[in-house]
Amino acid sequence: MEFKNATIIKKANIYFDGKVTSRTLYTENGERKTLGIFLPGEYEFGTEAEELMEVLAGSMDICLPGEEGYTTYGEGDSFVVPANSKYKLIIKEVADYCCSYRDGK
């Protein structure tokens, strides 16, 4: 994956005492994305915009809104989280990800 002519925000997004970090970038056509790392742990995130999450390395167990159980996503997999919702993650190994926000910002 490569983003040519992207604008990168230098300041990191840091969550859960540094166990989840990312950097925001804007593609040449204005799409907002984050590239980040999850360290092992259990997390819950809320969304404002719809999010396309791509697993670049490692794996993550995800419980999406309306689901009762967790689904494991590994390297090369992706999933969509609806806007204005919450989802849960269980990370058992370091996971690398790309999140694309579908809000036009």
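Details
- If only the Cβ of Lys and Arg carry +1 and only the Cβ of Asp and Glu carry -1, the dipole of the range 28-76 around its Cα centre is close to 180 debye.
- Based on C-alpha pairs under 8 angstrom that are at least 6 apart in sequence, the chain has a relative contact order of 31 percent.
- About the Cα centre, charge dipole magnitude for the chain (Lys/Arg +1, Asp/Glu -1 at Cβ), debye: 520 debye
- Selection of trypsin sites (Lys or Arg not before Pro), the range 1-93, meeting DSSP coil and at most 10 other Cβ within 10 Å: Lys4, Lys10, Lys11
- Derived from the Cα gyration tensor, the three semi-axes of the equivalent ellipsoid of the chain are 22, 16, 13 Å, largest first.
- Toward the positive end of the charge dipole of the chain, with +1 on the Cβ of Lys and Arg and -1 on the Cβ of Asp and Glu, the farthest Cα among Val20, Ile62, Val94 is that of Val20.
Rule-based calculations on the coordinates, nothing more; no lab input. Here the structure is a predicted model, which is why all the values come from computation and not from measurement. Please note: Cβ atoms are built from the backbone with ideal geometry, for glycine as well, and neighbour counts cover all protein chains shown.
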